[in-house]
Amino acid sequence: MIDTHAHLDFENFKEDQKEVIERFFLNNQNGYIINIGVDFDRNLKSIELAEKHERIFSAIGFHPEVLDENHKVFCLKEAKLQLEKLATNMKVVAIGEIGLDYFHNSKNKEKQKKLFVSQLDLALKLNLPVVIHCRDAYEDVFEIISQKKYINLNMVMHCFGANLKQTENFLTLKNLKFSFTGNTTFPKKEDTEIFKVIKTIPVERIMVETDCPFLAPNPHRGKRNEPLFVKEVIQKVAYLKECSFEEFRESVDRNAIDFFNLK
Ligand SMILES: [Zn+2]
């Protein structure tokens, strides 16, 4: 099992990070965790963690929330310099998470777009895949990533939650993958839109993640999430794709290994 999106450097794991990691790799020796950076400090912490564990890798990037007024003054130039410098580290396998979040803040859209685009351009230059965060901004994210210059850039929409119509558009981007997390285990009705969305996406383009400490899947909903719980996500999405657990797990593992170029 591979958890393609975790935040094990967050305070939530301060007390028992080691045990959480051990639990994941017990009976899962061939697994991997991709730990995701979000700002200056977390990018460093994420790499530090990856350097301690053979099977943990890191993405580095600046989440749109770094632009909020309650954060210290953000300097784009410095941010890009940090990414270029850290990207030379062998444990860095992607740029992310980067993107647009209008749920969190819809008053700084232009600033968010500028930050997003400059990191996409950097990923192109560094030849690294991209992990995209998108909330209430599917139209604008699509408009940006569907530009011709990004046609060969490998990207994944993390915690994908677009509607069917938007998904049709995203599916036209051949190098785009779709990652699902614990929220797929919440709805009960069979005709829920997210289920229909999952059914339209080919297995070859799906990845799974926890986004821990957030979004713990059922039956852990409401508690702190952790990489081991990616199992529940695999189970749910496998069911929707009418695959066995093992068959689906093998596919999503392969997709993640290829996408992040893990070895
Ligand atoms: Zn995340």
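The values are calculated or read from the model by the stated rules, or taken from the named source; none is laboratory data. Just so you know, these numbers come straight off a predicted model, no measurement behind them. Here the Cβ positions follow ideal geometry from the backbone for every residue, glycine too, while neighbour counts run over all protein chains shown.
Of all residues in region 134-157, those satisfying the criterion of being in a helix (DSSP H, G or I) and in contact (Cβ under 8 Å) with a residue 12 or more places away in the chain are Tyr138, Glu139, Asp140, Val141, Phe142, Ile144, Ile145, Lys149, Tyr150.
Sort out for me the helices (runs of 4 or more DSSP H) sitting completely within region 16-115 that have 2 or more residues that are farther than 30 Å from Ser251 by Cα.
Answer list for region 16-115: 40-52, 76-86.
Out of the residues in region 196-228 meeting the condition of being surrounded by 14 or more Cβ atoms within 10 Å (Cβ to Cβ) and among the β-branched types (Val, Ile, Thr), tell me which one is nearest to the ligand (Cβ to nearest atom). Don't jump to the end; show me each part of the working.
Let us first name the residues in region 196-228 that are surrounded by 14 or more Cβ atoms within 10 Å (Cβ to Cβ), namely 196-198, 201, 203, 205-218, 220-221, 224-228.
With the extra rule that they be among the β-branched types (Val, Ile, Thr), the set shrinks to 197-198, 201, 203, 206, 208, 210.
Details: Val197: 19, Ile198: 19, Ile201: 20, Val203: 23, Ile206: 18, Val208: 14, Thr210: 9 Å.
Filtering first and then ranking leaves Thr210.
Taking the conditions exactly as written (crowded, with 21+ Cβ neighbours inside 10 Å and at negative phi), does Phe103 satisfy them or not? Write out each step before concluding.
Working: crowded, with 21+ Cβ neighbours inside 10 Å: no; at negative phi: yes.
So Phe103 fails the test.
Looking across region 4-16, the residues that are more than 17 Å from Ile132 (Cβ to Cβ) and either in contact with a helix residue (DSSP H, G or I) (Cβ under 7 Å, 6 or more places away or on another chain) or in contact (Cβ under 8 Å) with a residue 12 or more places away in the chain (or both) come down to Leu8, Asp9, Phe10, Asn12, Phe13.
So in region 158-195, with the set limited to residues that are assigned to a loop (DSSP other than H, G, I, E, B) and within 16 Å of the ligand (Cβ to nearest atom), which one is nearest to Ile98 (Cα to Cα)? Walk me through how you get there before you give the answer.
Keep residues of region 158-195 that are assigned to a loop (DSSP other than H, G, I, E, B), which gives 158-163, 172-175, 181, 186-192.
Subset that is within 16 Å of the ligand (Cβ to nearest atom): 158-161, 181.
Details: His158: 10, Cys159: 13, Phe160: 14, Gly161: 16, Thr181: 17 Å.
This residue is His158.
Cβ-Cβ distances below 6 Å connect the following pairs, each with a first residue in region 28-47 that is over 21 Å from Leu83 (Cβ atoms) and more than 16 Å from the ligand (Cβ to nearest atom), a second residue that is of a type in the set (A, V, I, L, M) and modelled with pLDDT of 95 or more, and a separation of six or more residues or different chains: Asn28/Met1; Gly31/Met1; Gly31/Ile2; Tyr32/Ile2; Tyr32/Leu262.
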